[in-house]
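Let me begin by presenting the structure, written as C-alpha cells, before commenting on it.
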Amino acid sequence: MEAKPCQASLAIKNSHVLPPDTNSHGTLFGGKLMAYIDDIAAISATRHARKPIVTASTDSVDFLHPVYEGEAICLEAFVTWTHNTSMEVFVKAVTENLLTGERKVCTTAFLTMVALGEDNRPTTVPKVYAETEEEKWLHESARQRSLYRKERRSHSKELANRFGYDLPWNKGE
C-alpha cells in the first residue's frame with residue numbers, strides 16, 4: 001500500500017445554522033455539531049482508506065465559542081496519523097458571522113476511525129505522511145494521543161464491567 005499525504009484526505013463541510021439547529025439560547029446544539037464532526041471525519045477517513053469505516057473513538061470535544069443562528073459553520077478534517085487498521089482524524093470547526101465576516105475556531109477534535117474489509121473486520125490502511133508544519137506537528141504528537149486513548153479505553157472497559165447490567169437494579173430486584 002502506498003502512503004498518502006494528509007491533504008489527500010482533506011474534507012470540508014459548510015452549513016448554514018438555521019432555527020431548527022439551535023437551542024433556546026439561539027446557539028447550535030452541541031449534539032448537532034458533534035454529528036457534523038463525526039460525518040466529516042468519516043468522509044476524510046473513507047477518502048484515505050478507500051474502504052468502509054467505523055468510528056472507534058472521539059477525543060474530548062471542547063466548545064470554545066458558541067455558534068449562533070444565522071452564522072455559517074465550516075468543518076475541515078484530514079487524517080493525521082495511521083496505525084495498522086486505524087486512522088486519527090483531526091477536525092477543526094470554524095464559525096463565521098456571515099454579515100461581518102468575523103470567524104472563530106469554535107471547536108477542535110480528534111477521532112479514531114477503523115477501516116473495514118469485505119468481512120466487516122478491521123483491515124489495513126495506507127500510511128499517511130505530513131507535508132506542512134501544522135501537519136507535522138499533529139503527526140509527531142499522534143503517538144502520544146494514541147497511548148492516551150488506549151489508557152482511556154481501558155478505563156472505560158473497567159467502568160462498563162463495574163457498572164454493567166449485573167447490578168441489582170438492572171435485574172428487576
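Quick one: what does P(r) look like for the chain with 5 Å bins over all Cα pairs, in whole %? Per 5 Å bin, starting at zero, the Cα-Cα P(r) for the chain comes out as 1, 8, 15, 17, 16, 14, 12, 9, 5, 2, 1, 0 percent. Taking each DSSP H run with n ≥ 4 as -39500 (n - 2.57) and averaging over every residue of the chain yields -9500 deg cm²/dmol at 222 nm. Projecting the Cα positions of Cys74, Val105, Phe90 onto the charge dipole of the chain (unit charges on Cβ atoms of Lys, Arg, Asp and Glu, taken about the Cα centre) puts Phe90 furthest along the positive direction. 3J(HN,Hα) along the range 101-107: x, 5, 10, 9, 6, 9, 6 Hz, from the Karplus curve 6.51 cos²θ - 1.76 cosθ + 1.60 with θ = phi - 60°, whole Hz, x for Gly and Pro. The 3J(HN,Hα) values that the Karplus relation (6.51, -1.76, 1.60; θ = phi - 60°) gives for the range 67-81 are, in residue order, 10, 8, 3, x, 7, 9, 10, 10, 10, 10, 9, 7, 6, 9, 6 Hz. Gly and Pro appear as x.
Applying a DSSP loop filter and a limit of 15 other Cβ atoms within 10 Å to the trypsin sites (Lys or Arg not before Pro) in the range 1-60 leaves Arg50. Modelled this way, with points 7 Å down the Cα-to-C-beta line, the labels at Tyr148 and Asp119 are 3.5 nm from one another.
Summarising the strand pairing of the range 4-170, around 95 percent of its internal DSSP beta bridges are antiparallel. What is the sum of charges, Lys and Arg at +1 and Asp and Glu at -1, for the other residues whose Cβ falls under 9 Å from the Cβ of Leu111? Net charge in that neighbourhood comes out at -3.
What does the convex hull of the alpha-carbon atoms of the range 31-100 project to on average, in nm²? The directionally averaged projection comes out at 5.4 nm². Here the range 4-170 is assigned +1 on the Cβ of each Lys and Arg and -1 on the Cβ of each Asp and Glu. Its dipole about the Cα centre then comes out at about 600 debye.
Comparing Ser86, Ser57, Ser24 in a Gaussian network model of the chain (Cα springs below 10 Å), the most mobile by mean-square fluctuation is Ser24.
When you filter the chymotrypsin sites (Phe, Trp or Tyr not before Pro) in the range 86-166 for DSSP loop state and at most 13 other Cβ atoms inside 10 Å of their Cβ, you are left with Phe163, Tyr165. Given Lys13/Lys92; Lys32/Lys92; Lys13/Lys127; Lys51/Lys127; Lys32/Lys150; Lys4/Lys51, which pairs have Cα atoms separated by over 18 Å? Listed pairs above 18 Å: Lys13/Lys127; Lys32/Lys150.
The numbers here are math on the coordinates, done by the rules we state, and not lab data. Remember, predicted model here, so these are calculated numbers, not experimental data. Virtual Cβ from ideal backbone geometry, glycine too; neighbours counted across all protein chains shown.
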